[in-house]
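The values are calculated or read from the model by the stated rules, or taken from the named source; none is laboratory data. In this text the structure is predicted, and so the values were computed from the model without any measurement. Here the Cβ positions follow ideal geometry from the backbone for every residue, glycine too, while neighbour counts run over all protein chains shown.
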Amino acid sequence: MGFYNEVIVPRLVTCACGTKPILKQRQKVVPLAKGAVLEIGMGAGQNLPYYDSNSVTSLVGIDPCQTSWRLAQPRAKALGIPLEFVEGSAESMPLPDAHFDTVLMTYSLCTIPDAGAALAETYRVLKPGGRLVFCEHGEAPDASVAQWQRRVNPTWRRLLGGCNLNRPIVSLIRDAQFRVGRFDQMYLPGTPRIAGYNVWGSAER
Ligand SMILES: C[S@@+](CC[C@H](N)C(=O)[O-])C[C@H]1O[C@@H](n2cnc3c(N)ncnc32)[C@H](O)[C@@H]1O
């Protein structure tokens, strides 16, 4: 990783993921996590303040980026839940089969290079009946927005640490054999439409 990807990108992404509409999204989904929880692509730990310490018994965060983990430290210290950080990739996690009650993914499926492999690993580490709780931005349903997403994506991805604008989030989750329950979707207010189309909900293993 060069200086840009190692130092600038994690800070840029932390700012972009800390807007008011995104914090509102975190408030909606993070409290759904229960029991033994794995957070994939924990980044700078922006979800940590939203976990319900009465429902979560333990938390593991995985991310390949050490800089993000350093940025997460103040929030990690304030957390009243045992937290372990694993430096690694979602596509091949050094974690046991059928271990977690919940896997949380927020704004990570856009960036993980092989989303299909990451979801297959998510399925593997969840207990039967366990839940993937997700909130992601992705492919917009409107043709004109989707066309702009395709145009802009190559440059966007280069500048923003591999983030893709147009992944079909719900289809990817279904393709990984999850039973997707109710999910919600909308363009986040105050966010450019190409990056603002959000889907969130949960899926059962
Ligand atoms: C846009 S950030 C989102 C961070 C965090 N999930 C949030 O909601 O603020 C994407 C995160 O995915 C992480 N990431 C990139 N490749 C990954 C991989 N192969 N496995 C796990 N996480 C990865 C990045 O390091 C980064 O922290």
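Hey, which of the helices (runs of 4 or more DSSP H) in the range 1-101, taking only ones fully inside, have at least 3 residues that are more than 17 Å from the chain's Cα centre (by Cα)? Per the criteria, 66-78. Out of Arg167, Arg151, one residue alone is within 15 Å of the ligand (Cβ to nearest atom) and basic (Lys, Arg). It is Arg167. Within the range 177-199, the set of residues being away from the ligand (no atom under 15 Å from the Cβ) and small (Gly, Ala, Ser) comprises Gly181, Gly190. With respect to Thr122, determine if the residue is touching a residue at least 24 places away in the same chain (Cβ under 8 Å) and either under 15 Å from the mean Cα position of the chain (by Cα) or over 18 Å from Val60 (Cα atoms) (or both). Here the answer is yes, as Thr122 does meet what is asked.
Could you list, in sequence order, all residues of the range 32-67 that are of a type in the set (Ser, Thr, Tyr) and at pLDDT 95 or above? Give the derivation first.
Our first condition is that a residue be of a type in the set (Ser, Thr, Tyr); within the range 32-67, this holds for 50-51, 53, 55, 57-58, 67.
Tyr50, Tyr51, Ser55, Thr57, Ser58, listed by residue number.
Taking the condition near the ligand (Cβ under 8 Å from one of its atoms), within 14 Å of the chain's Cα centre (by Cα) and free of Cβ contacts under 8 Å to residues at least 24 places away in the same chain, does Asp114 pass? For Asp114, the condition - near the ligand (Cβ under 8 Å from one of its atoms), within 14 Å of the chain's Cα centre (by Cα) and free of Cβ contacts under 8 Å to residues at least 24 places away in the same chain - is met.
Screening the range 106-205 for strands (runs of 3 or more DSSP E) wholly inside it with 2 or more residues that are surrounded by fewer than 18 Cβ atoms within 10 Å (Cβ to Cβ) and at pLDDT 95 or above returns the ranges 126-137, 179-187.
When the range 84-106 is filtered for residues that are within 9 Å of the ligand (Cβ to nearest atom) and within 14 Å of Ser68 (Cα to Cα), the ones remaining, listed by number, are Gly88, Ser89. For the residues Leu38, Leu79, the requirement of being away from the ligand (no atom under 13 Å from the Cβ), surrounded by 14 or more Cβ atoms within 10 Å (Cβ to Cβ) and among the aliphatic types (A, V, I, L, M) singles out Leu79.
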